[in-house]
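Beneath this line is the structure, given in structure tokens, with notes to follow.
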Amino acid sequence: HSASRSLAVALSCALTAAACAPAEPARPSLVLLTASALPPEALACYGGAATEGAAICAVGHRGARFTWAFTTTPATAPAAATLLTSQHPSQHGVGVRASTFLRTGTPTLAGVLREGGFDTAAFVAAPDLNRARNLQLGFDRYEAALPSGAAAAAAETAQAAYDWLAARRASRDRPFFLWVHFPAPTHETAPPLH
């Protein structure tokens, strides 16, 4: 009896301690914004004209904005694969040639976050980020907008990302990882994230 009483008291204390423990802090959602051939100094938050990229800079002001970063390559697909895998192009296999792709089974940031309970989505507007490159590994949703013209692709990509965010508002208890990639901007248009 005394052993079972001691076990009951110990179990009761453990349950009470667990109930009184502070709740796990909410995990922040993550947004990764990338663009083909967009030099940072073109944006207001990196010293560019005050109106250039104001919406993108606003996202950085509310979150984290990196001021010191390097790329493994100036080519979009291998650079994106490196961001998503933390591997050098010689390891992940995505190169400049369109026939190269991310090998199935390669661990990705999106996959790790999805396993950790994050909703994951990517909306990309660049021909070399199409599904044949296999960069969708780990994403619940991966859309590649490829209409003609940078302005149309940027607008379609931004709208798709907004729509996804609006649709998931009901599940605010789950954090998300959202990757949005814009095409190379032209002089007439900048990425329309506002």
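So if I check each of Thr108, Thr71, which one is among the hydroxyl-bearing types (Ser, Thr, Tyr) and either within 23 Å of Tyr46 (Cβ to Cβ) or open to solvent by 30 Å² or more (accessible area, probe 1.4 Å) (or both)?
From the options Thr108, Thr71, the qualifying one is Thr71.
Does Ala80 fit the bill of being in a helix (DSSP H, G or I), modelled with pLDDT of 75 or more and in contact with a strand residue (DSSP E or B) (Cβ under 9 Å, 6 or more places away or on another chain)?
So Ala80 fits the description; yes.
Which residues, taken from segment 165-194, are more than 17 Å from Leu129 (Cβ to Cβ), at pLDDT 70 or above and buried (at least 19 other Cβ atoms within 10 Å of the Cβ)?
Phe176
Can you find a residue that is hydroxyl-bearing (Ser, Thr, Tyr), at pLDDT 90 or above and assigned to a helix (DSSP H, G or I) anywhere in segment 106-113?
no
With (1) in a loop (DSSP other than H, G, I, E, B); (2) under 19 Å from Thr34 (Cβ atoms); (3) touching a residue at least 40 places away in the same chain (Cβ under 8 Å) as the list, and Ala121 as the residue in question, which single condition is left unmet?
Ala121 satisfies every listed condition except (1).
Which one of these does Arg103 not meet: (1) on the phi < 0 side of the Ramachandran plot; (2) open to solvent by 70 Å² or more (accessible area, probe 1.4 Å); (3) without any contact (Cβ under 8 Å) to a residue 24 or more places away in the chain?
Arg103 satisfies every listed condition except (3).
Kindly check whether there is at least one residue in segment 112-127 that is open to solvent by less than 70 Å² (accessible area, probe 1.4 Å) and of a type in the set (D, E, K, R).
The answer is yes, given that some residue of segment 112-127 is open to solvent by less than 70 Å² (accessible area, probe 1.4 Å) and of a type in the set (D, E, K, R).
The values are calculated or read from the model by the stated rules, or taken from the named source; none is laboratory data. What you are looking at is a predicted structure, and each value in this text was computed from that prediction instead of being measured. Positions of Cβ are generated from backbone atoms using ideal geometry, with glycine treated the same way; all protein chains shown enter the neighbour counts. Ligands, DNA and RNA are excluded from the accessible area calculation, which covers all protein heavy atoms including side chains. Shrake-Rupley method; radii C 1.70, N 1.55, O 1.52, S 1.80 Å.
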